[in-house]
Amino acid sequence: MKRLMIALALAVAAAAPLAAQAPQGPGGRGRMMGPGGPFAILRGLNLTDDQRQQIKAILDQNRPTEPPQGMTLERKLHAAILNGDAGSIQTLKTEMLQLHEQQLDREIALLQQIAPILTPDQKQQLLKRAGGQ
């Protein structure tokens with residue numbers, strides 16, 4: 001199970017760039033809601049309709065209620081860099097790292113809820129994709 005969680009986390013990380021509270025652009029879509037749609041790493045696993053519904057319910061229950069802060073912090077960081085404000089750079093860097101950690105914690109929690117829904121074969125497919133086997 002630990003290998004699967006690591007493989008799932010690696011697959012998520014490889015699927016899209018790390019972003020604090022997950023904004024990728026103006027739409028605020030995140031790592032798990034990236035270019036391939038909701039949880040793109042699960043594509044090709046031939047999920048049943050029941051599995052899709054269960055995963056959708058998990059994602060809906062865990063949808064962030066606050067607007068993403070990552071883009072705001074990133075803009076502030078860029079301004080601090082351009083203005084040569086070393087103190088602000090360090091503070092913003094620390095804030096961004098904390099947001100990255102929180103995002104990773106949320107993704108791990110989601111994956112821990114989703115993993116039991118997958119069949120052993122689906123889990124093996126994810127492990128192979130992530131190079132975990």
Open item on the list: What are the ³J(HN,Hα) couplings of the stretch 63-74, residue after residue, when phi is run through the Karplus curve with 6.51, -1.76, 1.60 and θ = phi - 60°? Round to Hz, x for glycine and proline.
Closed with: 5, x, 9, 9, x, x, 9, x, 5, 4, 4, 5
Task: 15 Å beta-carbon shell around E95, net charge (K/R +1, D/E -1) - done: -1
Open item on the list: For the pair T119/T72, report the inter-label distance in nm, with labels modelled 7 Å from Cα in the Cβ direction.
Closed with: 4.5
TODO: Provide the per-residue ³J(HN,Hα) series for the stretch 118-129, in order, calculated from phi with Karplus coefficients 6.51, -1.76, 1.60 and θ = phi - 60°, each as a whole number of Hz, with x at glycine and proline positions.
DONE: 7, 6, x, 5, 5, 5, 5, 4, 5, 4, 5, 4
Open item on the list: Could you give each residue of the stretch 40-51 its phi-based ³J(HN,Hα) in whole Hz, using Karplus coefficients 6.51, -1.76, 1.60 with θ = phi - 60°, and x for Gly or Pro?
Closed with: 4, 5, 8, 4, x, 8, 6, 5, 6, 4, 5, 4
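Rule-based calculations on the coordinates, nothing more; no lab input. Predicted model only: the values in this text are computed from it and were never measured. Here the Cβ is made from the backbone with ideal geometry for all residues, glycine too, and neighbour counts use every protein chain on show.
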